[in-house]
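Down below is the structure, laid out as C-alpha cells.
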Amino acid sequence: MSKSGIFTSSLAKKYWMALTGLFLITFLVGHLLGNLQLITKTGEEGRRAFNEYAYFMGHNIFIKILAYLTYFSILAHAIIGLYLAVQNKKARPKNYAYNKPSANSSTASRNMAILGTLILIFICTHMANFWYKQKVAETVPLHILHKEITEQQQNPMTGQLMEQKIGINYVLTTKGDYMPKSYTDPNTGKDVELMDVKEGTHLYDKKAELQVGEGYRDLHTVVMNFFGQSQQGQPTNDLALWAVILYVISMFVLMFHLWHGFASSFQSLGLNHIRYNGFINILGKIFSIVVPLLFAIIPVMIYLNR
Ligand code: HEM
C-alpha cells in the first residue's frame, strides 16, 4: 500500500472505521462506569464522588490524552463513515429486480450511516449540555454545601441566653476539605462573603487577598437538574421529561449501531477466526444491549427519584 494509501484506499478507510469504532467502544465502557455513580451513590457523598471524578477526568494528563483521542475518533469515524456510505450508494446498482437487500444483510447493517448520524447529533447536543458548560463556558457552579448552625448568644440587656441560626455556605476544595465561603448574617439576613472566587474555581481569602485553595465544580447538580431533580437552589429543567425520552431513544439508536458495528469492526481488522467468530458475535450482541440499557437507566432513575 502506498504512503497515501494507508489513509485513502477504501480498505484503509475500513481499517480506520474499525480502529476508531473499537476505541469508542472502550470509551463507552469507561464513560458508563463513571456515570453509573450518579445512581449508585446518593446524597452529599454521591455528589462529592461524582464531582471529584469529573475533576480528575479533566486534570489527569493520561485521561486528557484519551479525551483528545476520543474527539479525534468521533470525528474520523463520522467523516469516513459518511464518505464510505456515499461511495457505496453511488456504486450500488439501482432497483434491479433481484436487488433484495434484506436477503443478505441485516436492517442494522444497512442503516449504519443513518444510525451513526443520529448518534452524532446526540453527542453534539449532549456535549453542549454538559461538556461545554464544564470545560468551555465554565458556567458550572462551585460545589457548595449549605449548613445551618445554632449559636447561643447572651442578650446584653437581659443577660439571658438566646439561640441564633446562622446559615453557612461551605465550598468543597480539591484538598478534600469544606471551607466556609459565606454566611448569612442573622441580624440583616444578608450573605457575607468570606472569599473571592477568581477564574471560576480559585478561592481567595477576602481580607488577605491570598489564594487559599481551589474549589470543585458541581457538575453533579447540573446533571441532576437536567434530568429533573431540583438541587442546590439551581433551576430544574422544565423539559426534563423530554430530555429523558430523547436519551432513551438515542440509546436505542446506539444499540442498533453497536449490534452490527461491534463484530464488524473485528472483521474489518482481520481479527476473525472460525474458532472465535461465534464468541465475538455473542459478545457483540450482549454488549450492544447491556451498555445502552445501563446508559438509558441513568436519566430514567434520576427522573423517577426527583
Ligand atoms: C445517559 C447517560 C450519560 C450521562 C449522564 C453522561 C454524562 C456526561 C457528562 C456529565 C459529561 C461531561 C464530563 C466532563 O466534561 O467532565 C459527558 C461528556 C461526554 N459524553 Fe456523556 N453521558 C451519558 C451518555 C453518553 C453516551 C451514550 C455517549 C456516546 C454515545 C456520550 C458521549 C460523551 C462524550 C464524547 C463526552 C466528552 C468526553 C470528554 O470530554 O472526555 N455520553 N457525558
Looking only at lysines whose Cα falls under 16 Å of residue 207's and that sit 8 or more positions away or on another chain, we get 181, 198
Pop a pseudo-label 7 angstrom from the Cα along the beta-carbon direction at both residue 155 and residue 276 and give the gap in nm to one decimal.
-> 8.2 nm
Calculate the spin-label point distance for residue 165 paired with residue 90, positioning each point 7 Å from the Cα along the beta-carbon direction, and give it in nanometres.
-> 7.1 nm
Enter the angle in degrees (range 0 to 90, nearest 10) between the Cα long axis of helix 10-40 and the first principal axis of the Cα atoms of the chain, meaning the one along which they spread out most.
-> 30 degrees
Express the relative contact order of the stretch 144-216 as a whole percentage, based on alpha carbon pairs under 8 Å and six or more residues apart in sequence.
-> 22 percent
Taking 0.36 nm per residue of separation between residue 188 and residue 42 and subtracting their Cα-Cα distance, the length gained on full extension comes to 49.1 nm
Quick one: angle between helix 277-304 and the longest Cα principal axis of the chain, in degrees between 0 and 90, rounded to 10, please.
-> 30 degrees
Rounded to the nearest 500 deg cm²/dmol, what is the calculated helix-only ellipticity per residue at 222 nm for the chain, with -39500 (n - 2.57) per DSSP H run of length n ≥ 4?
-> -18500 deg cm²/dmol
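Starting from the Cα-Cα distance between residue 175 and residue 212, subtract it from 0.36 nm times their residue separation and give me the gain in nm to one decimal.
Gain on stretching residue 175 to residue 212: 12.3 nm.
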Going highest first, how would you order 236-248, 56-68 by mean Cβ packing within 10 Å?
-> 236-248, 56-68
Would you mind computing the Rg to Rh ratio of the chain from its alpha-carbon coordinates, Kirkwood style for Rh?
-> 1.13
By Cβ neighbour count within 10 Å, fewest first, 110, 217 rank 110, 217
In degrees, nearest 10, range 0 to 90: what is the angle between the Cα axis of helix 240-268 and the longest Cα principal axis of the chain?
-> 40 degrees
By average C-beta atoms within 10 angstrom, highest first, the peptides 117-127, 151-161 | 117-127, 151-161
Around residue 212, which amide H atoms from residues at least 5 apart in sequence, or from another chain, sit under 5 Å from its own amide H, with H modelled in the peptide plane?
-> 203, 204, 205
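All of the numbers you see were taken from the coordinates with simple rules; none came from a lab. It should be emphasised that the depicted structure is a prediction, and the values quoted were computed from it without experimental measurement. With ideal geometry, Cβ positions are generated from the backbone for all residues, glycine too; neighbour counts draw on all protein chains shown.
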